[in-house]
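J.: If you scroll down you'll find the structure; I have some questions about it.
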Amino acid sequence: MNLQSQLATAAQVLVEQLRIQRVTRVFCVPGESYLPVLDALYDSGIAVTVCRNEGGASMMAEAWGKQTGRPGICFVTRGPGATNGSGGVHIAQQDSTPMILFVGQVERENRGRDAFQEVDYRAFFGGMAKWVAEVNEPDRMGEMVARAFSVAMAGRQGPVVLSLPHDVLPAASQSPDAPFTEALEITPGASEMAKLEKLLAQASRPMLILGGGRWNPSALAQLSRFAERFGIPVCTSFRRAHLFDPLHPNYAGDLGLGANPRLVARVKASDLVIAAGARLNELTSQGYTLFDIPVPQMTLVHAYPGAEEIGRVYRPHLPIHATPAAFAAALETLKPGRAPLDVGDAHQDYIDWSEKSLPQPGAVNLSEIMVWLRGHLPADAILCNGAGNYAGWIHRFFRFRRFNTQMATVCGFMGYGVPAAVAMKSLYPERKVLALNGDGDFLMNGQEFATAMQYGLPIIALVFDNATLGTIRMHQEREYPGRVSATDLRNPDFAAMARSFGGFGATIEKTEDFAPAFLAAEESGLPAILHVKFDAEGITPSTTLSAIRAKALGA
Ligand SMILES: Cc1ncc(C[n+]2csc(CCOP(=O)(O)OP(=O)(O)O)c2C)c(N)n1
């Protein structure tokens, strides 16, 4: 449809621009502030998912962006919608995810009066979004929306917020359509790659840290060939374990929360670190303890798509400004002047750390459940999770065998699992999609289980219930032993909750009940909640609450 030849509203131009950018689905909670957009979506061919809370909607859009590499789209209303919806924007910023949040705004003539639900979005989202703008001229709608796409996808990707004044949307617009926008690739310089080749020839204990966004399967295949040809152990940064096959002989483990101490020691003792696409954030750098600041003790090569990120904390010996795909292609051209180094020990350390389940107090053992799931699920199953200590068992014992099968936030946002799973099941109806949650975690956005029901999306949500906000309880026992404050939880019957929504529910109180319940959930073909009750005493895979308390009291 060419809108230039007819009388179009700014809202119609906006939706037409989304179509040109090949958007197939948007997530929203409606509001009276942007009715003309809802109307333009009505016969646009773009699917609309209506959510129960803007927090869930913005996380679904973020998850969509993380998975597809194109901006996830979310629409919310003025102040209440924008403030509720800020969660996904924070995630998109920290996780470097392309996303666009469209927000309703008061009429232009009332701006600055503290009008009904008015928020200054530039101030509110200013420190989070890559770009925040208000579309004040109906004739510039196409230009502004197209720019939102290019900014969200450029360099280090991230969120953009576009504010839509109420009176602009129904106004006639002469805005020309802008063409489809592709993310810009940045190719590394030949001299930098030559320097890298020299550094590789001199290194005897190299390590590669793989992370960040903007990867794709063929770039990852090139990177793994590079690691094989030179003999370099590869570890993944926090929550990017899906970037490298854990059973590949070069895989050295997951460098995130609760990392294998042997892996941490290996990275510390390496003489060359190549950070490929990873920004070396606080959790990956083990609380900024892995590398000396500002100049790391080993030679650091930092290849990253955002120039302003390189050198933010660590001064690399060799900075390389490049997108992951272009960097991986350039790695293919490097020639090793010797036989590959031996990576056997590094991989064996990972296998020893993750292979077998561990004992755990109580009747439910989470490591046994993870080991069962990794055997049962197909390689392309997608696991979505929020934040909480339960995730420690996923990181250590689950194996992400395929690209983009791990959907979790680098910023540790509770409540991400269910919305991310709803988005993933909408994108890939034929794939298995799980949402893994803590009990506190689940109820932050568990209302989006209703969205799964509404759209017929049979996700399987696991709720790991230890009747406490376990992560915080763990910190409490460490720092204020025995003084349990604001962390105990009294929980509902989550299986009954699933049934009340029209889904499948089951309660698991013994490890051996997990597999049959999971199979029954699959068999039901319904969205499901499996309520897994376990003992809070087993607070991490390797320690107990009493041991932490005893240590703190003895100190
Ligand atoms: C939105 C949000 N609020 C608060 C926190 C701080 N926080 C991190 S983990 C956690 C507790 C998680 O508890 P639960 O979901 O029960 O999982 P568990 O740690 O017990 O496995 C809290 C409150 C957070 N990360 N995100």
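J.: Name the one entry in 161, 132, 89, 145 that is crowded, with 20+ Cβ neighbours inside 10 Å, touching a residue at least 40 places away in the same chain (Cβ under 8 Å) and part of a strand (DSSP E or B). Please lay out each step first, then the result.
T.: Working: 132 fails: touching a residue at least 40 places away in the same chain (Cβ under 8 Å); 89 fails: part of a strand (DSSP E or B); 145 fails: part of a strand (DSSP E or B).
Checking each option against the conditions leaves just 161.
J.: Any idea which of 401, 396 is outside any loop (DSSP other than H, G, I, E, B), over 19 Å from residue 528 (Cα atoms) and touching an Asp or Glu at 6+ places or on another chain (Cβ under 9 Å)? Outline the logic, then answer.
T.: Numbers: 401 fails: outside any loop (DSSP other than H, G, I, E, B).
Just one listed residue meets the conditions, 396.
J.: Further question: Kindly indicate whether residue 7 is of a type in the set (A, V, I, L, M, F, W, C), modelled with pLDDT under 95 and either in contact with a Pro (Cβ under 7 Å, 6 or more places away or on another chain) or more than 16 Å from the ligand (Cβ to nearest atom) (or both).
T.: Numbers: of a type in the set (A, V, I, L, M, F, W, C): yes; modelled with pLDDT under 95: yes; either in contact with a Pro (Cβ under 7 Å, 6 or more places away or on another chain) or more than 16 Å from the ligand (Cβ to nearest atom) (or both): yes.
When the stated conditions are applied, residue 7 passes them.
J.: Go through (1) surrounded by fewer than 20 Cβ atoms within 10 Å (Cβ to Cβ); (2) within 16 Å of the ligand (Cβ to nearest atom) for residue 111 and report which single condition fails.
T.: Tallying (1) surrounded by fewer than 20 Cβ atoms within 10 Å (Cβ to Cβ); (2) within 16 Å of the ligand (Cβ to nearest atom), residue 111 fails exactly one: (2).
J.: Select, from 344, 277, the only residue that is over 27 Å from the mean Cα position of the chain (by Cα) and either modelled with pLDDT of 95 or more or farther than 19 Å from residue 227 by Cβ (or both). Steps first, answer last, please.
T.: Numbers: 277 fails: over 27 Å from the mean Cα position of the chain (by Cα).
The unique qualifying residue is 344.
J.: On to the next question. Can you tell me which residue within the stretch 63-86, out of those that are part of a loop (DSSP other than H, G, I, E, B) and farther than 18 Å from residue 323 by Cβ, is nearest to the ligand (Cβ to nearest atom)?
T.: Here is the first cut: in the stretch 63-86, the ones part of a loop (DSSP other than H, G, I, E, B) are 69-71, 77-78, 85.
Subset that is farther than 18 Å from residue 323 by Cβ: 77-78, 85.
Values: 77: 21, 78: 23, 85: 14 Å.
It comes out as 85.
J.: Do you know which residues across the stretch 414-433 are within 16 Å of the ligand (Cβ to nearest atom) and crowded, with 24+ Cβ neighbours inside 10 Å? Explain how you work it out, then say what you get.
T.: From the stretch 414-433, those within 16 Å of the ligand (Cβ to nearest atom) are 414-421; that's our starting set.
Residues satisfying the conditions are 415, 416, 417, 418, 419, 420, 421.
J.: Oh, and also: Check 511, 507 and return the single one that is in contact with a helix residue (DSSP H, G or I) (Cβ under 7 Å, 6 or more places away or on another chain) and without any contact (Cβ under 8 Å) to a residue 40 or more places away in the chain. Write out each step before concluding.
T.: Working: 511 fails: without any contact (Cβ under 8 Å) to a residue 40 or more places away in the chain.
After applying the criteria, what remains is 507.
J.: Look at residue 473 and say whether it is surrounded by fewer than 16 Cβ atoms within 10 Å (Cβ to Cβ) and in contact (Cβ under 8 Å) with a residue 60 or more places away in the chain. Working first, answer last.
T.: Values: surrounded by fewer than 16 Cβ atoms within 10 Å (Cβ to Cβ): no; in contact (Cβ under 8 Å) with a residue 60 or more places away in the chain: yes.
Spelling it out, it is not the case that residue 473 is surrounded by fewer than 16 Cβ atoms within 10 Å (Cβ to Cβ) and in contact (Cβ under 8 Å) with a residue 60 or more places away in the chain.
J.: Tell me, which residue of the stretch 349-403 that is more than 16 Å from the ligand (Cβ to nearest atom) and β-branched (Val, Ile, Thr) is nearest to residue 429 (Cα to Cα)?
T.: Here the answer is 382.
J.: Scan the stretch 523-545 residue by residue and report those that are away from the ligand (no atom under 16 Å from the Cβ), surrounded by fewer than 16 Cβ atoms within 10 Å (Cβ to Cβ) and either free of Cβ contacts under 8 Å to residues at least 24 places away in the same chain or closer than 21 Å to residue 438 by Cα (or both).
T.: Once the filter is applied, which keeps residues that are away from the ligand (no atom under 16 Å from the Cβ), surrounded by fewer than 16 Cβ atoms within 10 Å (Cβ to Cβ) and either free of Cβ contacts under 8 Å to residues at least 24 places away in the same chain or closer than 21 Å to residue 438 by Cα (or both), the stretch 523-545 yields only 523.
J.: Continuing with the same structure: Exactly one of these conditions fails for residue 441: (1) without any contact (Cβ under 8 Å) to a residue 60 or more places away in the chain; (2) outside any helix (DSSP H, G or I); (3) under 17 Å from residue 366 (Cβ atoms). Give me its number.
T.: Checking residue 441 against (1) without any contact (Cβ under 8 Å) to a residue 60 or more places away in the chain; (2) outside any helix (DSSP H, G or I); (3) under 17 Å from residue 366 (Cβ atoms), the one that fails is (2).
J.: Determine if the stretch 70-79 includes at least one residue that is over 18 Å from residue 157 (Cβ atoms), of a type in the set (Gly, Ala, Ser) and surrounded by fewer than 24 Cβ atoms within 10 Å (Cβ to Cβ). I'd like the intermediate steps shown before the answer.
T.: Of the stretch 70-79, the ones over 18 Å from residue 157 (Cβ atoms) are 75-79.
Those still in the list that are of a type in the set (Gly, Ala, Ser) too: 79.
Of the ones still in play, those that are also surrounded by fewer than 24 Cβ atoms within 10 Å (Cβ to Cβ) are 79.
Checked against the condition, which is being over 18 Å from residue 157 (Cβ atoms), of a type in the set (Gly, Ala, Ser) and surrounded by fewer than 24 Cβ atoms within 10 Å (Cβ to Cβ), the stretch 70-79 yields at least one hit.
J.: A follow-up question, please. Return yes when residue 408 is away from the ligand (no atom under 11 Å from the Cβ), crowded, with 23+ Cβ neighbours inside 10 Å and closer than 16 Å to residue 246 by Cβ and no when it is not.
T.: On the way: away from the ligand (no atom under 11 Å from the Cβ): yes; crowded, with 23+ Cβ neighbours inside 10 Å: yes; closer than 16 Å to residue 246 by Cβ: yes.
In short, yes.
J.: Pull up the stretch 444-488, narrow it to residues that are in a loop (DSSP other than H, G, I, E, B) and β-branched (Val, Ile, Thr), then point me to the one that is farthest from the ligand (Cβ to nearest atom). Steps first, please.
T.: If we filter the stretch 444-488 for residues that are in a loop (DSSP other than H, G, I, E, B), which is where we start, we get 455-459, 466-467, 469, 480-487.
Among the residues that remain, those that are also β-branched (Val, Ile, Thr) are: 459, 484, 487.
On the way: 459: 18, 484: 13, 487: 8 Å.
Ranking the candidates gives 459 first.
The values are calculated or read from the model by the stated rules, or taken from the named source; none is laboratory data. Since this is a predicted model, take the numbers as computed values, not measurements. Methodologically, a virtual Cβ is constructed for each residue, glycine included, from the backbone with ideal geometry; neighbour enumeration extends over all protein chains shown.
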